[in-house]
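Quick notes on the structure that follows.
Where a number appears in this text, it was derived from the coordinates with a stated rule and is not lab data. Keep in mind the model is a prediction, meaning the values are calculated, not measured. We place every Cβ from the backbone using ideal geometry, glycine too, and count neighbours over all the protein chains shown.
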Amino acid sequence: MNDSKTTILLTGLSGFIAKHIAARLLDAGFHLRGSVRSMARGEAVRSTLAAAGHAVDRLEFVEADLTRSADWPRAVDGCRFVVHTASPFPPTQPKGKYDLVPVARDGTLHVLDAAIAAGVERIVLTSSVVAVYIGHSNRAERPFDEADWTNVESDVAYPYAVSKTLAERAAWERVEGTETELVAINPGFVLGPLLGDRLGTSAQIIATLMRYPIPFAPDVAFGVVDVRDVADAHVAALSALEAPGRRYLLSGGMRSPIQLGATIAEFEPSYEKRRPRWILPNSVVRILGHFSRQVAPAISELGRYKSIDSRPAEALLGRGLRTPEEAVEATLKSLRAQGHI
Ligand code: NDP
C-alpha cells in the first residue's frame, strides 16, 4: 500500500474512537479525510491531534451527516478505503426500541452506497458486541463469537443494541455481490486515554458514575476494551488479507460494575466511599428498568456472565489485548488531567 497516495475517509472524526484511529492513520502517512457535522468540530480535532504530536498536514474535512444521503458521494470521492465509525451513541436510551435505527442503519447504508458506487476497495465498520450477544441466554460450551447475532426481537433488546445490530446486518447485505470488501470491528465498552477535551459517551458514563455515591449495582458483567486496541484493530483490518468478511470481537475481559468500581477506587482513592459494593436484586433492577432508561440495558444481562471470543482480534493484532484495568487507569488519568474528576 502506498500510504501517501492513499486517501481514507474516516466518518465521525470528532468521536472518541475515531480520533485515535485518525492519529494512527496520519502517523502511517495516509491522506485522511474526516467527516464531521460541523467544520468547527473538525478544526477542534485538528488542534487536538496537532497538540498530541501528530502531523495534520494530510488531514482534510468534509461536512456530512448520516441523515443526508446527498452528503456522502462527495465524502468518498477519490477514497480507496472507508472507516465508518459514526453512529448515534447516546448515554441514555431513547424511548422507542427502533428510534436510533433510521440514523444508524440508514446512515450506514448512505455511506456504503456512496462507497460502493465510488469503487472503494474496503470498508471497516465500527459495530459492537451488543450486535452479537443481546437477547441470548448465557452458554457454557463456547464463548460468543463472530457467528452470533443479537436477537432484536427479544424483549430485552434495547434501542442502542437494536440500532447497532440492524446497521451491521444491513451493511453485510449491502456489500454482498459487490467488489467492495467489508470488515466489522465489534468492541465491548471502550475506555482508555482521551484525545482532546470532548469526553464522548464512554468517559461521560464513567465521570457521571463517579460523581454520586452508588452503593448497589446490577448483577451484570460486560466486556471492556482499551481504545488503543480498538484503534489498532481498525487500522490492521484495513490491510489484513484475511480480514474481509470477518467480524472481530474485542474484549480485554468481562467486568461487573462492582469490579470496575473497585478498580476506579484503586486509582482514584477519593472514589472509595462512593463505589458500589453490593448487588442489587434482579427483581429490583427489572422494576427500576421500567422507569429509568439508563438502567434498562442492564436487564438484558442480569445474571448472565457471558464470555466473548477475542482470539481472532488478537491474531489480527499479533498480540494480546490490554486489560480492563489498564483501560480504566488511562481513562482516569485523562479525566483527572482535564479536571473532570
Ligand atoms: P462518540 O460519541 O465519541 O462519537 C460518535 C461519533 O458519531 C461522533 O463523531 C458523532 O458526531 C458521530 N455522529 C453521531 N450521529 C451522527 C450523524 N447523524 N451524522 C454524522 N455523524 C454522527 O462515540 P465513540 O467514539 O465511543 O463511538 C464511535 C463508534 O463506536 C460508534 O459507532 C459506536 O456505536 C461504536 N462503539 C462504541 C463503544 C464505546 O464503548 N465507546 C463500544 C462499541 C461500539 P458529533 O461529534 O457531531 O456528535
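Helical content of the chain, expressed as a calculated mean residue ellipticity at 222 nm, amounts to -11500 deg cm²/dmol (DSSP H runs of 4 or more residues, -39,500 (n - 2.57) each, divided by residue number, nearest 500). If I build a Gaussian network model for the chain, linking alpha-carbon pairs within less than 10 angstrom, which residue out of 192, 34, 96 has the largest mean-square fluctuation? For the chain, modelled as a Gaussian network with Cα springs under 10 Å, the answer is 96.
Shown is the FRET efficiency for residue 67 and residue 39, computed with R0 = 25 Å from the Cβ-Cβ distance and rounded to the nearest 0.05: 0.90.
Residue 51 to residue 74: extension gain in nm, 0.36 nm per residue of separation minus the Cα-Cα distance?
Numbers: separation 23, 0.36 × 23 = 8.28 nm, distance 2.88 nm.
That pair, residue 51 and residue 74, stretches by 5.4 nm at full extension.
If the segment from residue 287 to residue 139 were pulled out straight at 0.36 nm per residue, it would be longer than the present Cα-Cα gap by 50.7 nm.
Under the convention that each Lys and Arg Cβ holds +1 and each Asp and Glu Cβ holds -1, the size of the dipole of the stretch 1-83 around its Cα centre is about 100 debye. Distance between the pseudo-spin-label points of residue 117 and residue 216 (7 Å out from Cα toward the beta carbon): 5.4 nm. Each part reduced to its alpha carbon centroid, the stretch 5-53 and the stretch 168-195 end up 18 Å apart.
Sort the stretch 93-190 into rounded, prolate or oblate with this rule: let a ≥ b ≥ c be the square roots of the eigenvalues of the Cα gyration tensor; rounded if a/c is under 1.5, and if a/c is not under 1.5, prolate when a/b is larger than b/c, oblate otherwise. The shape class here is oblate. Distant-in-sequence amide contacts of residue 252, defined by a placed amide H-H separation under 5 Å and a gap of 5 or more residues or a different chain, comprise 224, 225, 226.
Each Lys and Arg contributes +1 and each Asp and Glu -1, all at the Cβ; summed about the Cα centre of the stretch 92-244, the dipole is approximately 620 debye. Among 11, 108, 323, the residue with the largest mean-square fluctuation in a Gaussian network model of the chain, with springs joining Cα atoms closer than 10 Å, is 323.
Given Cβ point charges of +1 (Lys, Arg) and -1 (Asp, Glu) and nothing else, what value in debye, to the nearest 20, does the dipole of the chain about its Cα centre take?
Dipole of the chain, to the nearest 20 debye: 900 debye.
Taking 14 Å as the cut-off, the amide N atoms of the stretch 77-112 that come nearer than this to a point 7 Å along the Cα-to-beta-carbon line of residue 5 belong to 80.
In Å, what Kirkwood hydrodynamic radius results for the chain from the alpha-carbon pair distances?
Numbers: mean 1/r = 0.0492 Å⁻¹.
Its Kirkwood hydrodynamic radius stands at 20.3 Å.
What the Cβ-Cβ distance of residue 60 and residue 239 gives, at R0 = 35 Å and to the nearest 0.05, is a FRET efficiency of 0.95.
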